1. Enumerate the pairs (first residue in region 159-185 and closer than 13 Å to ILE142 by Cα; second residue anywhere and aliphatic (A, V, I, L, M) and outside any helix (DSSP H, G or I)) with beta-carbon separation below 7 Å, excluding pairs fewer than 6 apart on the same chain, so at least 6 apart or on different chains.
2. Of everything in region 373-416 that's touching a Lys or Arg at 6+ places or on another chain (Cβ under 9 Å) and aliphatic (A, V, I, L, M), which residue is farthest from ALA229 (Cα to Cα)?
3. Return the pairs, sorted by first residue and then second, in which the second residue is outside any helix (DSSP H, G or I) and open to solvent by less than 80 Å² (accessible area, probe 1.4 Å), the first residue lies in region 252-277 and is under 23 Å from ILE239 (Cβ atoms), the beta carbons are less than 6 Å apart, and the residues are 6+ apart or on different chains.
4. Filter region 91-122 for residues that are within 13 Å of the chain's Cα centre (by Cα) and either part of a loop (DSSP other than H, G, I, E, B) or surrounded by fewer than 19 Cβ atoms within 10 Å (Cβ to Cβ) (or both) and give the result.
5. Within 24 Å of the chain's Cα centre (by Cα), under 30 Å from THR167 (Cα atoms) and buried (at least 16 other Cβ atoms within 10 Å of the Cβ), is that true of ALA331?
6. Name the helices (runs of 4 or more DSSP H) wholly within region 176-285 that hold at least 1 residues that are of a type in the set (Asp, Glu), at pLDDT below 95 and open to solvent by less than 30 Å² (accessible area, probe 1.4 Å)?
7. Among the residues that make up region 140-158, is at least one of them open to solvent by less than 50 Å² (accessible area, probe 1.4 Å), of a type in the set (Gly, Ala, Ser) and closer than 22 Å to LEU97 by Cα?
8. Collect the residues in region 286-305 that are surrounded by fewer than 19 Cβ atoms within 10 Å (Cβ to Cβ) and assigned to a loop (DSSP other than H, G, I, E, B), keeping them in residue-number order.
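The values are calculated or read from the model by the stated rules, or taken from the named source; none is laboratory data. Quantities reported herein were computed from a predicted structural model and do not represent experimental measurements. In this analysis, Cβ positions are derived from the backbone assuming ideal geometry, glycine residues included, and neighbour counts consider all displayed protein chains. Side chains included, ligands, DNA and RNA excluded: accessible areas come from the protein's heavy atoms. Shrake-Rupley method; radii C 1.70, N 1.55, O 1.52, S 1.80 Å.
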Amino acid sequence: MITPHRSERRDSSGAIAGWASSRDRVPIGFRRPRAIGSEHRSLKQEVSLAKIAKAAWVAVFVCGTGSFALEVVWTRILVMSFSATVYVFSSMLACFLLGIVAGSFWVSRIVDEHPNPIRLFANLALGVSGSVLVLALLINAIPPLFAQILASTSQLLPNTQALAGSTLLVSLLLLVIPTTLIGATFPVALRVYTTNVRHIASSTGTLYFANTAGAIAGSLLAAFVAIPAVGERNSVIGIGLLFACAGLYLRFREDPKQPFADPLLRGAVVGLTVLAAIGASLPYRVALNFNQHLEPGTEIVYHGDGVQNTIDVVRSPSGITSLVIGGNVEANNDYIQLRHFILKAHLPLMFVEKPRNALVIGLGMGITLHSLAKHPGIEEIDVIELSPEIRAAQVALQEVNGDILSNPAIRVRIDDGRRYLSATDVHYDLITADPIHPKVSRVGYLYTQEYYQAIRE
């Protein structure tokens, strides 16, 4: 009897294993491959795994939607609290990426050995929901918190570095928990979705597709639907409830017959409901930058959330009406501001002989427009305003500008001023332009040489 050499036995064993593994290849998608190291499963078990895989795919899509929606909404909130500096977006993005790194690193140490990864995925989604709903309760506390931290860091660092450092620190304090939990969801979802090492690449690609598709949908819905429709706070509450739906959906797929048998889950649902109710019942407060304050008793006479900015018109007990754009008091009708807006119309008219038409870039409170329309030679005035909410706010400013938009000689166009100047073939005898301070992000192009060349042309 001839006994095979050890190496020959290893080769034959490898050939048998390779032949056997080639017989159970299952296309990746919503059909689940066999678990790594598992024995043959029944058809019922395979169907159950396929349902769990589909649940993971759906939950990853929902989490991607909520994650990018939160980025968009929270950037808007920070812009109104931090004086709209250029550090806001970079700080928010750095916090999100740092949270993804931390969450992925943390969960990678436990996910492979976890006995119930789908429940872990569900609990992470519920944890994100709770932390996001808490954020909705803290929105009004951001400006004073930022002011205190900035005052402390200004004693140690130059102004610019103190501003950038304080923005990053406050963003990190607020976002570290939800972003870390969000970062932990994808590795766990991959663990749930893939149980065959031979299909790990296709499984990862499929989940990335779902997550990225959700991210695209979330960013669009947050910017163009949620914020204009319900405002920043309610958008944050909606995002928190979206993560809660993902978590509950996973728990239901784990145990369809008794999804709420776990008392901890019932307690979590009650807690999330209470947080959402408290956040939704809080009265609206004007979000002002950390270095601006309103008089006690100030009345809100107009509020509008738009794609571009949040607009508020407020009136103080002393009778001063102010226009607040994105957390900044951009204009009011006290003596100093009123003189500025009036002279901006009358002084240029002194240098124009027989002006007939004029262009006003930026409607604002309508004071400059009102002063310009008083000139007897002006026959036509075009107004270019970027935010339709500014135009809508003129209803609350009729006492300030004399209901100027009822003048038939005035035409208001919702457009970008620089784009309009480059596209129109109309020539004006007078153009007034009063851009926001250049420290505010997104307005730097209004201080370029090309912009004033377009005005001159």
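1. So the pair list comes out as LEU174/LEU138.
2. Filtering region 373-416 for residues that are touching a Lys or Arg at 6+ places or on another chain (Cβ under 9 Å) and aliphatic (A, V, I, L, M), the one farthest from ALA229 (Cα to Cα) comes out as ILE378.
3. These pairs meet every condition: PHE252/PRO259.
4. The answer is LEU93, and nothing else.
5. Values: within 24 Å of the chain's Cα centre (by Cα): no; under 30 Å from THR167 (Cα atoms): yes; buried (at least 16 other Cβ atoms within 10 Å of the Cβ): yes.
Here the answer is no, as ALA331 does not meet what is asked.
6. Filter on region 176-285 gives 227-254.
7. Scanning region 140-158 turns up no residue that is open to solvent by less than 50 Å² (accessible area, probe 1.4 Å), of a type in the set (Gly, Ala, Ser) and closer than 22 Å to LEU97 by Cα.
8. If the condition is that a residue be surrounded by fewer than 19 Cβ atoms within 10 Å (Cβ to Cβ) and assigned to a loop (DSSP other than H, G, I, E, B), then ASN291, GLN292, HIS293, LEU294, GLU295, PRO296, GLY297, THR298 are the ones that fit.
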